[in-house]
1. Filter segment 104-132 down to residues that are in a strand (DSSP E or B) and surrounded by fewer than 22 Cβ atoms within 10 Å (Cβ to Cβ), then give me how many there are.
2. For segment 255-289, which residues satisfy the criterion of being outside any helix (DSSP H, G or I), among the small types (Gly, Ala, Ser) and surrounded by 22 or more Cβ atoms within 10 Å (Cβ to Cβ)?
3. Kindly check whether there is at least one residue in segment 26-44 that is in contact with a helix residue (DSSP H, G or I) (Cβ under 6 Å, 6 or more places away or on another chain), part of a helix (DSSP H, G or I) and under 27 Å from residue 233 (Cα atoms).
4. Scan segment 155-183 for residues that are among the charged types (D, E, K, R) and buried (at least 16 other Cβ atoms within 10 Å of the Cβ) and report the count.
5. Within segment 226-254, which residues are crowded, with 17+ Cβ neighbours inside 10 Å, out of contact with any Lys or Arg (no Cβ under 9 Å at 6 or more places or on another chain) and not in a helix (DSSP H, G or I)?
6. Count, please, the residues in segment 75-98 that happen to be of a type in the set (A, V, I, L, M), assigned to a helix (DSSP H, G or I) and under 16 Å from residue 237 (Cα atoms).
7. Does segment 181-214 hold any residues that are in contact with an Asp or Glu (Cβ under 9 Å, 6 or more places away or on another chain) and within 13 Å of residue 249 (Cβ to Cβ), and which are they?
Amino acid sequence: MKQTAFIFPGQGSQAVGMGKELYDHFKVAREIFEEADDTLHLSISTLCFQGPEEALKLTENTQPAVLTASIAALRVLETEKGINPSLTAGHSLGEFSALVASGALSFADAVQTVRLRGRFMQEAVPVGEGAMAAILGMEREEVEKICEEASSREVLTPANFNCPGQIVIAGHTKAIERAVEMVKQKGKKAMLLPVSAPFHSPLMKPASDRLAEALENISVKELLVPVVTNVEADINKDSNRVKPLLVAQVSSPVRWEDSMRRMIEEGIERVIEIGPGKVLSGLMKRIDSKIETCNIEDIQSLKKIS
């Protein structure tokens, strides 16, 4: 058997209709959507299946919706294919899905917490004051230097190290605009992202503090599968470290490229992206094209997995 890792998408992978096919055909998927609806007293299933898109795009809705669609797909994969991962990881919000997959968090606790997390992140910075931009085709050191030069005493920092040549920056809106201009002057590509807050930057500190409080009431069980964390890009097997790492993650960069390289060091030969979209599969192809990648989000993609 190939050494397999499960990886879970974050915000930005959502799409109206996600999870509907699995819900219609598999009892285990239906149970997850029903549990989400009951836990949140909100029809996450309607939001996922019918939208409207504007409501699905609100951070406090997106986060529980993507988590629910991901765990529904996970339960289908587990029951239909019986694949056991050696490691798991998730991009930003996806780390909560990874922790559910590892056995550390119950689904009900995770879905409640990410709804709050979304709200806290949205409320941490007034709308319009923070932004994010993707920078393409530049090395880390170059991006860090641009952040330094463009910050002009405002907050500006790398937020996601996604794959070679794709780094996202976050901070105050004016600083982001200056950085985008500087990147373009160097003949490289930069684009503002359609997000409502500067995620994974120090401006998210108020959200980190509120998340720490929300996590106080949540119990963390033993990790049956180790999780490669965003903050450290290293393997965590210690349940006592789960909460502090989730709190730090909100205002720290997502070290996704390093996390995937850490998995490869451990001998992972295949990654299965579980949940809506194929964003992480695309990143893996750019990180190391020798690693087999596949995803599960509907029946067609499920059939391809063996």
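The values are calculated or read from the model by the stated rules, or taken from the named source; none is laboratory data. All figures in this text were calculated on a predicted structure; none of them were measured in a lab. Ideal geometry is used to build each Cβ from the backbone, glycine not excepted, and the neighbour counts take in all protein chains shown.
1. Applying the first criterion (in a strand (DSSP E or B)) to segment 104-132 yields 130-132.
With the extra rule that they be surrounded by fewer than 22 Cβ atoms within 10 Å (Cβ to Cβ), the set shrinks to none.
Result for segment 104-132: 0.
2. Our first condition is that a residue be outside any helix (DSSP H, G or I); within segment 255-289, this holds for 255, 266-278, 288-289.
When the remaining residues are screened for being among the small types (Gly, Ala, Ser), the result is 267, 275, 277, 289.
The answer is 275, and nothing else.
3. No - not one qualifying residue is present in segment 26-44.
4. First, the residues of segment 155-183 that are among the charged types (D, E, K, R): 174, 177-178, 181.
From the residues that got through so far, the ones that are buried (at least 16 other Cβ atoms within 10 Å of the Cβ) too are 178.
Of the residues in segment 155-183, 1 are among the charged types (D, E, K, R) and buried (at least 16 other Cβ atoms within 10 Å of the Cβ).
5. Scanning segment 226-254 gives 236, 252, 253, 254.
6. Narrowing segment 75-98 to residues of a type in the set (A, V, I, L, M): 76-77, 83, 87, 89, 93, 98.
Narrowing the set further to residues that are assigned to a helix (DSSP H, G or I) leaves 76-77, 98.
Keeping just the survivors that are under 16 Å from residue 237 (Cα atoms) gives 98.
Adding up the residues that qualify gives 1.
7. Across segment 181-214, the qualifying residue is only 207.
Residue by residue, here is whether (1) in contact (Cβ under 8 Å) with a residue 60 or more places away in the chain; (2) assigned by TED's automatic domain parsing to the domain that holds residue 60 holds:
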{"position": "156", "(1), (2)": "no, no"}
{"position": "162", "(1), (2)": "yes, no"}
{"position": "174", "(1), (2)": "no, no"}
{"position": "180", "(1), (2)": "no, no"}
{"position": "185", "(1), (2)": "no, no"}
{"position": "212", "(1), (2)": "no, yes"}
{"position": "215", "(1), (2)": "yes, yes"}
